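Trainee: Quick one: this structure, given as structure tokens, is what I'll be asking you about.
The values are calculated or read from the model by the stated rules, or taken from the named source; none is laboratory data. If you're wondering where the values come from, they're calculated on a predicted model, not measured in any experiment. Heads up, the Cβs are rebuilt from the backbone with ideal geometry, glycines too, and the neighbour counts pull from every protein chain shown. Remember, those area values only see protein heavy atoms, side chains included, never the ligands or the DNA or RNA. Shrake-Rupley method; radii C 1.70, N 1.55, O 1.52, S 1.80 Å.
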Amino acid sequence: MTKSYYNKKLKPLARELRKHGTPGEAILWAHVLRAKRFYGLQFNRQFAIENYIVDFICRKERLIIELDGRSHDDKQEQDRTRDLRLNELGYKVVRIAEVDVKYDLKNVIRTIEAHLSEETLNKPIE
């Protein structure tokens, strides 16, 4: 088992962020990632890794999904630094525009699928 780098000190902040998520986060969680609906994979919302809180994570796939809304327009350098560090820890980071979740969910699903392992994609549906 690989290390998750979970930071329990950020748990209260992560909990607050879950309560006050964006509309795009609510849509992606409710319609795709919740309750192992997506290829039977367990996703977590607002998960604390080191000094970061990621929007969604699938630890089995070592996959992080970040939704970028307007608040990220002036944070591109911060996002790049963050993504590099998460990559160093062994995670793939997929950035998706929040507007795409709202208006093109099917394409968002295809984008996420493109980052899943062959083993997961080819697993028989139970």
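Trainee: With the condition kept exactly as written, say whether any residue in the stretch 70-79 is open to solvent by less than 40 Å² (accessible area, probe 1.4 Å), out of contact with any Cys (no Cβ under 9 Å at 6 or more places or on another chain), charged (D, E, K, R) and touching a residue at least 40 places away in the same chain (Cβ under 8 Å).
Mentor: No, because not a single residue in the stretch 70-79 is open to solvent by less than 40 Å² (accessible area, probe 1.4 Å), out of contact with any Cys (no Cβ under 9 Å at 6 or more places or on another chain), charged (D, E, K, R) and touching a residue at least 40 places away in the same chain (Cβ under 8 Å).
Trainee: Can you tell me how many residues in the stretch 29-64 are among the polar types (S, T, N, Q) and within 18 Å of Leu84 (Cα to Cα)?
Mentor: Number satisfying all stated conditions: 1.
Trainee: Hey, another quick one. Scan Arg18, Arg34 and give me the residue that is surrounded by fewer than 17 Cβ atoms within 10 Å (Cβ to Cβ) and within 19 Å of Asp68 (Cβ to Cβ).
Mentor: Among Arg18, Arg34, only Arg18 is surrounded by fewer than 17 Cβ atoms within 10 Å (Cβ to Cβ) and within 19 Å of Asp68 (Cβ to Cβ).
Trainee: Then there's this: Which residue out of Leu67, Leu86 is assigned to a strand (DSSP E or B), at negative phi and surrounded by 11 or more Cβ atoms within 10 Å (Cβ to Cβ)?
Mentor: Leu67
Trainee: Identify, from the list Tyr6, Tyr39, Tyr52, the residue that is open to solvent by 20 Å² or more (accessible area, probe 1.4 Å) and within 30 Å of Pro124 (Cα to Cα).
Mentor: Step by step, each of Tyr6, Tyr39, Tyr52 is checked, and only Tyr39 is open to solvent by 20 Å² or more (accessible area, probe 1.4 Å) and within 30 Å of Pro124 (Cα to Cα).
Trainee: Out of everything in the stretch 89-122 that is among the polar types (S, T, N, Q) and in a helix (DSSP H, G or I), what residue ends up being most open to solvent (accessible area, probe 1.4 Å)?
Mentor: Asn107
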